[in-house]
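Notes to accompany the following structure.
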Amino acid sequence: MKIATYNVNSLRRRLPIVLEWLEQHKPDVLCLQETKVQDSEFPADALKQAGYHCTFRGMKAYNGVATLSRQKPEQIFHGMHEGPDNEDVRILQTVVDGIAIVNTYVPQGYLITSPKYSFKLEWLGRLRQYFVERLNPQKPAIWLGDLNVAPEPIDVYHPDRRVNDVDFHIDARNAYKATRAWGFIDVFRQLYPERVQYTYWDYFRKSFENNWGWRIDHILATAPLAARCRTSDVDLAPRKAAGASDHTVVWAEFS
């Protein structure tokens, strides 16, 4: 299985980039975040013509998650729990070929002094409980998406200057690690423990050209599946494309 994640920062604006990447790389699953499109306007037809089943939940101009899969999902779960849930635009679980795939767009947090940051920390705690209730660490499962945390100093440029940023503040890092400790392994870092590689560069100050970035988009797997991860990488081509998102594609392949 080849699986990828991409914060598109508006699917309708990046649709040509997504379609080109699907055509070139033919992943089994591509998970998208920040689709920023309400369900009635989701470009499902174009993605179906590319050979993908589409599972999605979104809203106008904000949030939104979608999972594209070559195989029709065996099960689908929107949100943190059954029934109406205003978090269903941030978390989507699909079961594909027997593997639970949890696609998440973790709250960014705004400022560490903001209630939005407290909500981010609480959200990560609820996500761990979601894993406890829905998954089994001894069975194959994947957690991926824009997780809005750079876990270690190697994962952000000038880490000494980022200590009060919501994606690198110690409380966010600890909350993320506590959630990950339920039973998930970062497959990129497992393969490349010392490689400096970012997945996000903002649009300002020529951040991409200067490689002033963050590794905040991740693919994690439970131990049985992580042991079968043969390769994982970050594709810079979507970030170089005209009209690019400020994130790029992260992918992994499992034997």
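The values are calculated or read from the model by the stated rules, or taken from the named source; none is laboratory data. A quick note: this is a predicted structure, and the numbers were derived from the prediction, not measured. Note: ideal-geometry Cβ built from the backbone for every residue, glycine included; neighbour counts use all protein chains shown. Remember, those area values only see protein heavy atoms, side chains included, never the ligands or the DNA or RNA. Shrake-Rupley method; radii C 1.70, N 1.55, O 1.52, S 1.80 Å.
Determine whether Gly109 is under 18 Å from Asn174 (Cβ atoms), not in a helix (DSSP H, G or I) and not polar (S, T, N, Q).
Working: under 18 Å from Asn174 (Cβ atoms): yes; not in a helix (DSSP H, G or I): yes; not polar (S, T, N, Q): yes.
Yes: the conditions hold for Gly109.
Taking helices (runs of 4 or more DSSP H) as the structural unit, those lying wholly within the range 161-217 and holding at least 2 residues that are more than 18 Å from Asp235 (Cα to Cα) and modelled with pLDDT of 95 or more correspond to 170-180. Determine whether Val29 is among the β-branched types (Val, Ile, Thr) and over 14 Å from the mean Cα position of the chain (by Cα). Considered against the rule, which asks whether it is among the β-branched types (Val, Ile, Thr) and over 14 Å from the mean Cα position of the chain (by Cα), Val29 comes out as no.
Take the range 160-170 and flag every residue that is open to solvent by 20 Å² or more (accessible area, probe 1.4 Å) and within 10 Å of Gly109 (Cβ to Cβ).
Within the range 160-170, the subset open to solvent by 20 Å² or more (accessible area, probe 1.4 Å) is 160-165, 169-170.
Passing the criteria: Asp165, His169.
Among the residues of the range 132-163, those identified as in contact (Cβ under 8 Å) with a residue 60 or more places away in the chain and of a type in the set (Asp, Glu) are Asp146, Asp155. Can you find a residue that is open to solvent by 10 Å² or more (accessible area, probe 1.4 Å), under 20 Å from the mean Cα position of the chain (by Cα) and among the basic types (Lys, Arg) anywhere in the range 134-141? Looking through the range 134-141, at least one residue is open to solvent by 10 Å² or more (accessible area, probe 1.4 Å), under 20 Å from the mean Cα position of the chain (by Cα) and among the basic types (Lys, Arg). Counting only strands (runs of 3 or more DSSP E) that sit wholly inside the range 1-101, those with at least 1 residues that are surrounded by fewer than 23 Cβ atoms within 10 Å (Cβ to Cβ) and free of Cβ contacts under 8 Å to residues at least 24 places away in the same chain are 53-59, 75-78, 91-96.
Filtering the range 218-255 down to residues that are open to solvent by less than 40 Å² (accessible area, probe 1.4 Å) and acidic (Asp, Glu), which residue is farthest from Asn148 (Cα to Cα)? Restricting to residues being open to solvent by less than 40 Å² (accessible area, probe 1.4 Å) and acidic (Asp, Glu), the top hit is Asp235.
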